[in-house]
Amino acid sequence: MTQIFKNGAALGVTPIQLEQNPAGFEEGMKVKVSGLSKGRGFAGVVKRHGFSGGRKTHGNKHHERTPGSIGAGTGMGRVIPGLRMAGRMGMERFTFKNIKVVEIDLDNKQIFLNGSAPGTIGRKVEIVAPFEAMEESPATEKAEGKVEEKKETKDKPEATS
């Protein structure tokens, strides 16, 4: 993030380099930004899930950041699926909604957003304007009165001999 000064105030902004001209964007509009988060590699349970770990004293040796018990002993004989354990962390798709467009630089094909964007610097993100996010669906068309309801008529089939 960086700062720009606008109307006598400092705004924290994220500059995003665009591949094409920002034709559909205007200053002040709110957009939706999606992308992959930063990859954190193989993380333990304290970092990945916020476990508190064990005690540091009273007979505890080399087990400060261990997960503890992972299930019953002979009763079940297996580990329950979905148990929170150590593993790879990050590189997940995140979407930040209602991010305000502060400034548009047409010469350099840059857009400045008031807030953060997912991922590392230089990673590609997807920016969706509000008119693209609200695709025309039958439910919204019906609510707006664009679609007339079809009235079904029950016609009796003709008898054939």
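Please find, within segment 31-69, the residue that is surrounded by the most Cβ atoms within 10 Å (Cβ to Cβ) out of those that are part of a loop (DSSP other than H, G, I, E, B) and touching a helix residue (DSSP H, G or I) at 6+ places or on another chain (Cβ under 6 Å). Across segment 31-69, the extreme among qualifying residues is PRO67.
Number of residues in segment 47-64 that are within 30 Å of THR120 (Cα to Cα) and either more than 23 Å from the chain's Cα centre (by Cα) or of a type in the set (Lys, Arg) (or both): the value is 5.
Taking LYS100 as the residue in question, decide whether it is surrounded by 14 or more Cβ atoms within 10 Å (Cβ to Cβ), closer than 21 Å to VAL128 by Cβ, of a type outside the set (Val, Ile, Thr) and in contact with a Lys or Arg (Cβ under 9 Å, 6 or more places away or on another chain). In short, yes. LEU11 meets all of the listed conditions (1) in a strand (DSSP E or B); (2) outside the structural domain of GLU126 (by TED's automatic domain parsing); (3) aliphatic (A, V, I, L, M) but one, namely (2).
Among the residues of segment 62-118, the ones that are out of contact with any strand residue (DSSP E or B) (no Cβ under 9 Å at 6 or more places or on another chain) and not basic (Lys, Arg) come to 23 in all. Among the residues making up segment 80-116, those that are closer than 21 Å to VAL13 by Cα and of a type in the set (Asp, Glu) are GLU103, ASP105, ASP107. Against the test of being surrounded by fewer than 11 Cβ atoms within 10 Å (Cβ to Cβ) and touching a residue at least 40 places away in the same chain (Cβ under 8 Å), the options GLY87, GLY28, GLY77 yield a single qualifying residue, GLY28.
The values are calculated or read from the model by the stated rules, or taken from the named source; none is laboratory data. On a predicted model such as this, the values are computed, not experimentally measured, just so you know. Neighbour counts are summed over all protein chains in view; Cβ atoms, including those assigned to glycine, are modelled from backbone coordinates with ideal geometry.
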